[in-house]
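Comments concern the structure below.
The values are calculated or read from the model by the stated rules, or taken from the named source; none is laboratory data. The model shown is predicted, which means the values in this text are computed figures rather than measured ones. Cβ placement follows ideal geometry from the backbone for every residue including glycine, while neighbour counts extend to all protein chains displayed.
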Amino acid sequence: MYFGLSEEQSFFQDNVKKYLEEHATIDNIKHITSGDKKNLSTEIHQGLLNLGINGLLIPEEFGGLGLDLLFAAVVSEALGGGAGPTPFIAPYVMAPTAIKHAGSKTQQENYLSKITSNENRFGVGFSEFIGKRNDAGITFSDNTLNGRAMFVLDANDATHLLLADEKGQIFVVDAKSADLEIVKLTTVDKTRQYTEVICKNLEAELLEHSSDSINPINQAIDAGRIMLAADSLGASQTMIDKAVDYAKERKQFGRAIGSFQAVKHMCAEMAADLEPCYALVWHAAHCHDHSPDEARLMACHAKAHVSEMSKGIAKKAIEVHGGMGFTDLLGLHYWFKRIGLNRQILGSPELVREEAYKTQV
Amino acid sequence: MDLEYGPEYQDFSKEVESFCKKYKGLSFKDGSNNPLGSSGGPGGPQMSRSEWQKTLIENGYFARSVPKEYGGYGGEADILKSRIIAAEFSKSNTPGAMGGQGIDMLVPTLLEMGTEEQKQAYIKPTLHGEMIWCQGYSEPNAGSDLASLQTKGELVGDEWVINGQKIWTSTAQYSQMCFCLVRTEPDAPKHAGISYLLIPMDSSGIEIRPLVDMTLKAGFNEVFFTDVKIPAGNIVGKRGEGWAVANATLGHERGSLAPPDATMNRVNMLMHLMKEETLDGKPLIEHPIYRDRLMQIQGKVLAQQSHALRLLSAKLNPGADVKLGKMIQKLTGTELRHELEGLAIDVMGEIGTLYEDSPHLKNDGTWQFIYMYFLGLIIGGGTSQIQKNIIAERGLGMPKEPKVEGA
């Protein structure tokens, strides 16, 4: 019995962390998010591709490493920790998972190996299957898609998109098609891309098995939710570390503010809230591959619980920094906002807890 | 990640399962006299509490790693087997071994720091349930600041003479013995002046007054010592080393107050209750707000269960850094259990306030009782605020509060 990360997983995570520490510095994140050095984001993405983040989940027969979701979770945690300004969850976790479970043999051959070779990059728009806001939604008939998909992840530099209708059918579309319009959505989190996609008689290819059952799309969403939980886990840890360091250094009334119980108890609460989240995220990722009966329940609870804990941590960590925490200067807000997005994307806590309940009825 | 226990353990599970079947419905002839163990149902086999302790030890289901010469099973410590035993006993509702402060805290302390004579004299009868212990730590003026305790011990000839008062002493009224922190070196700095003494509770000069708590049960006592005389040899460790001896056992207590598996059992029980009980003709579980609150708690408990697996794994596979992970257990475990019991009261509304033997009481009134009882556990064994100090200072390396002169 061993509950924890393998040496390979820790080693890979360390590499991602080191890379981000060097290249995704606060200054660079500021450049990227303010839009004045766009190529920096591409460079960082390329650097991570060089480490191999695109092939983790792709089966070996399609040139990937065929690893467990836990491997992707530790990468996602590192990206959250470094506020990594790069696509990951949609192209390298959700898309491969969806294609693996919903694609015919031919579709798997067509798409999966090209993810490994970096010829194909997928954005993913499944929001309407999870919870349709206002008049958003996509319909499929005569091999074409019409309608709007909101909060499509990582669509900007994608070659293809995976879009879903309300029934959970998944479609592959050409991201560069003239029948598709990509509208940038400006959220508070500028370290990642969110878009709206409008389809007008857009040619689409149905992933064959996605019309048989909703299992494939749920698999992809569960994987995505575990990644978002891991991202918030990493982001929260960074915020705690920064708050603790600051509280040890900053002096008021002649002593380090961290020696005041009002401050140190906030730090202890943050640590106590976050520590069990590691095990929950690892466990959920493990169940995704090895314990199908519990997989959905664990993914939903990981997403909801880590979102709740992270929300509190994000607030407290800013408060420990006092006025400085509120400034743009320290850049603490990048993690605050990333946690804010992770909470709502692919189902807010209330929505996913309801899904968690439904798995038990 | 590998959550399988392996084939050896599957066989062991079956073995324990059939043992439990054999003793299904066990009840105790002396059950009412012993507050420390769970009692069984009517109709099954009967034996005395002590006989049951011995049966469990013989089979290796209790005191597994305690050497035979001291009354234990004399096997290797096996964390997974301990877990399997606990799980199978709980599943089949077979009464487990007795707990209590003697077994949970004194025995490990004696094994680590006791003299050969002490081990011979105390461990066996304690394991057999024939010698019950209480813990004499807290005093009216030494709660969170335990090391400021003032109960005095003076060595006169070959006897300790003890004077003072202890409080929050669970089970003192049933106990034969007390392991007690006493100030024996009044001139030494406060942590260095304490000794760990073993006091027979039938010594003359001991007075026990039950202390009724908010649950209306007398779970605690005040214990008064007036010129109580015990042999000089009834000391664990050396004079002035009592603080270190006590800390070894306090660490043990903090981990075991609110195991997440037990909390999850209560979550499941609450879910069952919410399917049975109705509000405006609709089961409580069908009310979205109550349901969401239940799911929130379920998520928290799942996180703690996963966390417990991580800590278990760290015991089996040394090298993982779980120092912080262990420190948070007492705080998070007791707070969560209290929150869960409180949720059950909320979903029942007015019905949730019923207590004792009221009509319409649900689940024997356990929700209210445990809701209050856990407030005691949140405060006892190091309050939540003290836990946060420990997490911040020892776990996160944050600076201590400046010392106040003379404290």
- Message: Any residue that is within 21 Å of A:R192 (Cα to Cα) and not hydrophobic (A, V, I, L, M, F, W, C) - is there at least one of those in segment A:270-278?
- Response: no
- Enumerated strands (runs of 3 or more DSSP E) restricted to segment B:161-240, each holding at least 3 residues that are touching a Lys or Arg at 6+ places or on another chain (Cβ under 8 Å): B:177-183, B:220-231
- Note on the structure: Within segment B:378-399, of all residues that are in a loop (DSSP other than H, G, I, E, B) and more than 17 Å from B:L324 (Cα to Cα), the one farthest from the other protein chains (Cβ to nearest Cβ) is B:G380
- Task: Run down A:A271, A:A279, A:A314 and say which single residue is more than 8 Å from chain B (Cβ to nearest Cβ), aliphatic (A, V, I, L, M) and part of a helix (DSSP H, G or I).
- Result: A:A314
- Run A:I221 past the list (1) touching a residue at least 40 places away in the same chain (Cβ under 8 Å); (2) assigned to a helix (DSSP H, G or I); (3) over 20 Å from the mean Cα position of the chain (by Cα) and report the number of the one that doesn't hold. (3)
- Note on the structure: Result of the Cβ filter at 9 Å on segment B:307-326, keeping first residues that are among the acidic types (D, E) and partners that are not in a loop (DSSP other than H, G, I, E, B), at least 6 apart or interchain, is B:D321/B:A314
- For segment B:261-291, the count of residues that are within 16 Å of B:L336 (Cα to Cα) and acidic (D, E) equals 1
- Task: Restrict the check to segment A:180-197 and report whether at least one residue is over 22 Å from the mean Cα position of the chain (by Cα), crowded, with 24+ Cβ neighbours inside 10 Å and more than 17 Å from A:P91 (Cα to Cα).
- Result: no
- Message: Which residue is nearest to B:V404 (Cα to Cα), if the candidates are limited to segment B:133-154 and must be assigned to a strand (DSSP E or B) and in contact with a strand residue (DSSP E or B) (Cβ under 8 Å, 6 or more places away or on another chain)?
- Response: B:E139
- Message: Only one of A:I32, A:I53, A:I99, A:I44 is within 27 Å of A:S211 (Cβ to Cβ) and more than 14 Å from every other protein chain (Cβ to nearest Cβ). Can you tell me which?
- Response: A:I99
- Task: Confirm whether A:L56 is not in a helix (DSSP H, G or I) and not hydroxyl-bearing (S, T, Y).
- Result: yes
- Checking A:V75 against (1) in contact with a Phe, Trp or Tyr (Cβ under 8 Å, 6 or more places away or on another chain); (2) under 23 Å from A:I217 (Cβ atoms); (3) surrounded by fewer than 22 Cβ atoms within 10 Å (Cβ to Cβ); (4) among the β-branched types (V, I, T), which single condition isn't satisfied? (3)
- Message: Criterion first (modelled with pLDDT under 95 and either small (G, A, S) or surrounded by fewer than 15 Cβ atoms within 10 Å (Cβ to Cβ) (or both)) does B:K315 satisfy it?
- Response: yes
- Item | Count - residues of segment A:315-333 that are under 23 Å from the mean Cα position of the chain (by Cα) and buried (at least 24 other Cβ atoms within 10 Å of the Cβ) | 2
- Of all residues in segment A:63-96, how many are closer than 14 Å to A:M227 by Cα, within 14 Å of another protein chain (Cβ to nearest Cβ) and not in a helix (DSSP H, G or I)? 1
- Only one of these is exposed (fewer than 15 other Cβ atoms within 10 Å of the Cβ) and within 19 Å of B:L279 (Cβ to Cβ): B:D364, B:D346. Name it. B:D346
- Which one is surrounded by the most Cβ atoms within 10 Å (Cβ to Cβ), of the residues in segment A:232-260 that are within 8 Å of another protein chain (Cβ to nearest Cβ) and out of contact with any helix residue (DSSP H, G or I) (no Cβ under 7 Å at 6 or more places or on another chain)? A:S259
- Hey, any hits in segment B:52-72 for a residue that's among the acidic types (D, E), in a helix (DSSP H, G or I) and either crowded, with 21+ Cβ neighbours inside 10 Å or in contact with an Asp or Glu (Cβ under 6 Å, 6 or more places away or on another chain) (or both)? no
- Query: With respect to A:E294, is the statement that it is within 14 Å of chain B (Cβ to nearest Cβ), among the charged types (D, E, K, R) and touching a residue at least 24 places away in the same chain (Cβ under 8 Å) true?
  - Reply: no
- The one condition in (1) more than 11 Å from chain B (Cβ to nearest Cβ); (2) crowded, with 24+ Cβ neighbours inside 10 Å; (3) within 15 Å of the chain's Cα centre (by Cα); (4) farther than 18 Å from A:L79 by Cα that A:S348 fails to fulfil: (2)
- Message: Is it the case, given these coordinates, that A:I44 is farther than 17 Å from A:T116 by Cα and more than 13 Å from the chain's Cα centre (by Cα)?
- Response: yes
- Message: Can you find a residue that is at pLDDT below 95 and assigned to a loop (DSSP other than H, G, I, E, B) anywhere in segment B:365-377?
- Response: no
